[in-house]
Amino acid sequence: MEKGSLSKRRVFFYVQHLLGIGHLARASRIAKALGERGFDVAMVMGGLPVPGFPGAGIKTVALPAVAAGDHGFSGLCDAAGDPVTPAFLEHRKDLLIDALRRAKPDVVIIEAFPFGRRQMRFELLPLLDAIAAMERRPLVATSLRDILQERLKPGRAEETVALVREHFDLVLVHGDPAFARLEETFPLAGEVADRVVYTGLVAPPPPAQSSERFDVVVSAGGGAVGKELIAAALAAARLLPDALRWCLVTGPNLPQGDFDALSAALPAGVGLFRFRQDFANLLAGARLSVSQAGYNTVCDVLRAGCASLLIPFTAGGETEQSTRAERLERLGLAAVLPEEGITPEDLAHRVEAMLVRPRSAMPPLDLNGAAQTAMILEDQLSRDRTIRPFRSA
């Protein structure tokens, strides 16, 4: 490789989405920014295909897909919905390691692990061992959202720290430390502080307004757990003036039967969609966004500057979205409506109140995390270690 030639620097970016599409969406934005900075990016994707991702111009390596399931190895199922077998997992692991060796990357980015994605240890621990055995070791980074799930079993945090210190050069936290710091949701962050770098939030570029305009845009993320929100919004639309235009985006993972049932009797002024490629543009022209409080949706809303009503997902003891929503409410950047016990009447009342609020000013948060991630990696590589040794624990 010609020294200093970024056009020849290769990134091997592992992304595994299991339920929603948030991880994939954020990684796709980062991959695009890396490509624009001159990196040659290969996204290694192990989830079910999602239309529109990772985006045009990004190379992909598709592993046999797995998704979250109720049975099988650590709750994983294959593309047909059947529990995965040991032979399936062994084959997937071999394909992943073979892809690494063929790629000969300068940078390996692993999304979430070891802070999350424990279900994928069967292939990620061997991947890290394979990286360690490479003659020319690449820079290794983990890619994290700003707020982690706080429900940790005993010993998990210590195990995470050990893996970071043995295998990772960088912990890329995709957030603004003025909004959320890693140590607030990961108790042992101080033990890896020398590797933590904050990139800023990975928001999209400032959007243009869509030619199609809606007063209220309601979105349910990937859609696997958003049926109740969409149903409540559809019922709320019937309670409010017909002149309001609504756009309901269910997400691609909503089961077809549920989508068909919602589509059966749409009132005037309501559009129902599985996915909108122009989602950010729709928000730029909307008066109000109603959504869960997932990382990517919040970034879209903050960038667009429309009023925001957040209904954080809290089932199963999830804490990430409620933490994010409460912090945004304290900053005056959103209002929050609890998910539990939500009724169409509650939602209609809050929507009516939110529609009279002025548009938000540009939030006092760093939203340029995709481009800054690329710059951080460029800076790290400029130090040019021909063989990159592991740092001692």
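The values are calculated or read from the model by the stated rules, or taken from the named source; none is laboratory data. Please read all numbers here as calculations on a predicted model, not as lab measurements. Every residue, glycine as well, gets a Cβ built from its backbone with ideal geometry; the counts of neighbours run over all protein chains shown. Heads up: the accessible areas ignore ligands, DNA and RNA and are worked out on the full protein's heavy atoms, side chains in. Shrake-Rupley method; radii C 1.70, N 1.55, O 1.52, S 1.80 Å.
Condition check: at positive phi and of a type outside the set (S, T, N, Q). Does Lys104 satisfy that?
Working: at positive phi: yes; of a type outside the set (S, T, N, Q): yes.
Yes: the conditions hold for Lys104.
Results for (1) in contact (Cβ under 8 Å) with a residue 12 or more places away in the chain; (2) under 17 Å from Leu347 (Cβ atoms); (3) touching a Phe, Trp or Tyr at 6+ places or on another chain (Cβ under 6 Å), shown as yes or no for each residue.
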residue	(1), (2), (3)
Gly226	yes, yes, no
Ala233	yes, yes, no
Pro241	no, yes, no
Asn296	yes, no, no
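Restricting attention to region 1-24, which residues are of a type in the set (Lys, Arg) and either farther than 14 Å from Pro138 by Cα or modelled with pLDDT under 75 (or both)?
Lys3, Lys8
Would you pick out the residues in region 123-139 that are open to solvent by 20 Å² or more (accessible area, probe 1.4 Å) and in a loop (DSSP other than H, G, I, E, B)?
Residues of region 123-139 that are open to solvent by 20 Å² or more (accessible area, probe 1.4 Å), as a first pass: 125-126, 129, 132-136.
If the condition is that a residue be open to solvent by 20 Å² or more (accessible area, probe 1.4 Å) and in a loop (DSSP other than H, G, I, E, B), then Ala133, Met134, Glu135, Arg136 are the ones that fit.
For Ala189, state whether it is open to solvent by less than 10 Å² (accessible area, probe 1.4 Å), in contact with a Leu (Cβ under 7 Å, 6 or more places away or on another chain) and more than 22 Å from Ala27 (Cα to Cα).
Numbers: open to solvent by less than 10 Å² (accessible area, probe 1.4 Å): yes; in contact with a Leu (Cβ under 7 Å, 6 or more places away or on another chain): yes; more than 22 Å from Ala27 (Cα to Cα): yes.
Yes: the conditions hold for Ala189.
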Quiz item: Are there any pairs, at least 6 apart or on different chains, whose C-beta atoms fall under 9 Å, with the first in region 333-359 and among the polar types (S, T, N, Q) and the second crowded, with 19+ Cβ neighbours inside 10 Å, and if so, which?
Solution: Thr343/Ala232; Thr343/Ala236
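Inside region 219-273, can you point out the residues that are in a helix (DSSP H, G or I) and either of a type in the set (Asp, Glu) or open to solvent by 60 Å² or more (accessible area, probe 1.4 Å) (or both)? I'd like the intermediate steps shown before the answer.
Taking region 219-273 as the starting set, the residues that turn out to be in a helix (DSSP H, G or I) are 227-239, 256-263.
Correct list: Lys227, Glu228, Arg238, Leu239, Gln256, Asp258, Asp260, Ala261.
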Quiz item: Any residue in region 175-188 that is touching a residue at least 24 places away in the same chain (Cβ under 8 Å), over 30 Å from Pro364 (Cβ atoms) and of a type outside the set (Phe, Trp, Tyr)?
Solution: no
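Being touching a Phe, Trp or Tyr at 6+ places or on another chain (Cβ under 8 Å), open to solvent by less than 20 Å² (accessible area, probe 1.4 Å) and not aromatic (Phe, Trp, Tyr): is that true of Val216 here?
Values: touching a Phe, Trp or Tyr at 6+ places or on another chain (Cβ under 8 Å): yes; open to solvent by less than 20 Å² (accessible area, probe 1.4 Å): yes; not aromatic (Phe, Trp, Tyr): yes.
In short, yes.
So that you can scan it fast, the table gives a plain yes or no per residue for (1) more than 22 Å from Ile131 (Cα to Cα); (2) not in a helix (DSSP H, G or I):
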| position | (1), (2) |
| --- | --- |
| Glu150 | yes, yes |
| Lys153 | yes, yes |
| Glu159 | no, no |
| Val164 | no, no |
| Val171 | no, yes |
| Pro177 | yes, yes |
| Ala180 | yes, yes |
| Phe186 | yes, yes |
Quiz item: Which residues, counting only those in region 81-103, are under 26 Å from the mean Cα position of the chain (by Cα) and of a type in the set (Lys, Arg)?
Solution: Arg92, Lys93
